[in-house]
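Only the coordinates and a few stated rules stand behind these numbers; no lab work does. Since this is a predicted model, take the numbers as computed values, not measurements. Positions of Cβ are generated from backbone atoms using ideal geometry, with glycine treated the same way; all protein chains shown enter the neighbour counts.
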Amino acid sequence: MFDRTLLERPSLEVAPLLLGALLTCGDVSVRITEVEAYLGADDPGSHSFRGKTKRNATMFGEPGHLYTYFTYGMHVCANVVCSPSGVATAVLIRAGEVVRGIPIAEERRPTAKNFAELARGPARLVTSLGILLADDGDDLASGRVRLDLADAVSPFAQGPRTGVSGAGGTVDFPWRFWIPGDPTVSPYKRSVPKKRAPILDPLG
DNA sequence: CGAAGGATTTTCT
DNA sequence: GAAAATCCTTCGT
C-alpha cells in the first residue's frame with residue numbers, strides 16, 4: 001500500500017506513520033524502526049534550511065520520492081520526501097530490521113556481528129538495501145526503491161534528534177521517532193543522552 | 001560498555 | 001577551507 005496523500009503532510013506528522021513500514025530495494029526488504037524528521041525554514045539542521053541547491057533539490061519536489069545524499073566522505077543516507085511540492089521537509093530513515101534477503105544484506109555488511117546490526121544506522125541501512133546515490137529522486141511508488149505503508153501501525157516513542165551538530169544540534173527537539181524496545185534501534189545515542197560533564201583533574 | 005580518533009569527499013561559505 | 005543528518009577500530013574501565 002502506498003498513499004501519497006499521507007506523505008503530503010509535514011515530516012513531523014509523517015515520521016511516526018513510517019514506523020513499521022516496509023522499504024524494499026531489489027531482493028532486500030527492511031521494516032523501518034527508527035526515523036528522524038527534518039523541516040525546512042525553521043530547522044537549521046536540515047539540508048533545506050538555506051534554500052534550494054543542486055544536492056537538496058529532491059526535497060523541494062513531489063512527496064513520496066526518495067532523497068539520497070552523500071556525507072562524511074563515504075556514506076549515503078536515505079530520506080522520504082514529505083510536504084507538497086515547493087515545501088522541503090523529509091524524514092531520514094535511521095534504522096530498520098531486515099525481514100527479507102538477509103543473506104544478501106550480510107554479504108554487503110560483513111562487519112555486522114548479528115542481524116540487528118545489518119540496518120542499525122542510516123548509512124548501514126542504505127548499504128544493506130543496496131540503495132545508491134543515483135537512486136535520488138526515485139518515486140517510492142514505482143521506482144527501484146519502494147515504500148509499503150501496509151503494516152505501518154506501531155506504538156512509538158519520541159525524543160531528541162541525534163547526530164545533528166552545528167546550530168541544529170545545540171537544541172534538542174523531539175523530532176526522532178522509534179519503535180520502543182526494538183533491538184535494531186541505534187543504541188549509541190539514546191533518547192536522553194548521558195552527556196555528563198567531563199571529569200577534570202584539578203592536579204592535572 | 002563507553003570514549004576517542006581516523007577515514008574521506010561533497011558542499012557551501 | 002571548514003564542516004558534515006556516519007561508521008569502524010582501538011583503547012580504557
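The figures follow:
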{"quantity": "Residue order, fewest to most surrounding Cβ atoms within 10 angstrom, among A:81, A:87", "calculated": "A:87, A:81"}
{"quantity": "A:65, A:75 arranged by Cβ crowding within 10 Å, fewest neighbours leading", "calculated": "A:75, A:65"}
{"quantity": "Along principal axes, Cα extents of chain A, largest first, whole Å", "calculated": "64, 40, 35"}
{"quantity": "Among A:31, A:144, A:176: highest mean-square fluctuation, GNM of chain A, C-alpha pairs under 10 Å", "calculated": "A:144"}
{"quantity": "Karplus (6.51, -1.76, 1.60) ³J(HN,Hα), θ = phi - 60°, over segment A:124-140, in Hz, Gly and Pro reported as x", "calculated": "5, 4, 4, 5, 4, 6, x, 6, 10, 4, 5, 7, 4, x, 4, 6, 6"}
{"quantity": "Fewest-first sequence of A:59, A:1, A:74 by Cβ atoms within 10 Å of each Cβ", "calculated": "A:74, A:1, A:59"}
{"quantity": "Paramagnetic label zone (point 7 Å from Cα along Cα-to-C-beta, residue A:133; backbone N under 20 Å) in segment A:50-70", "calculated": "A:52-60, A:66-70"}
{"quantity": "In Hz, Karplus ³J(HN,Hα) per residue of segment A:33-48 (6.51, -1.76, 1.60; θ = phi - 60°; x = Gly, Pro)", "calculated": "10, 8, 9, 9, 8, 10, 9, x, 4, 8, 10, x, x, 8, 4, 8"}
{"quantity": "Percent breakdown of C-alpha pair distances by 5 Å bin, ordered from the shortest bin, for segment A:1-86", "calculated": "3, 13, 22, 28, 19, 11, 3, 0"}
{"quantity": "With 10 Å bins from 0: P(r) over segment A:81-153, alpha-carbon pairs, percent", "calculated": "17, 46, 31, 6, 0"}
{"quantity": "In order through segment A:108-120: 3J(HN,Hα) via Karplus (6.51 cos²θ - 1.76 cosθ + 1.60), integer Hz, x for Gly, Pro", "calculated": "6, 10, x, 7, 5, 8, 7, 4, 5, 7, 4, 9, 8"}
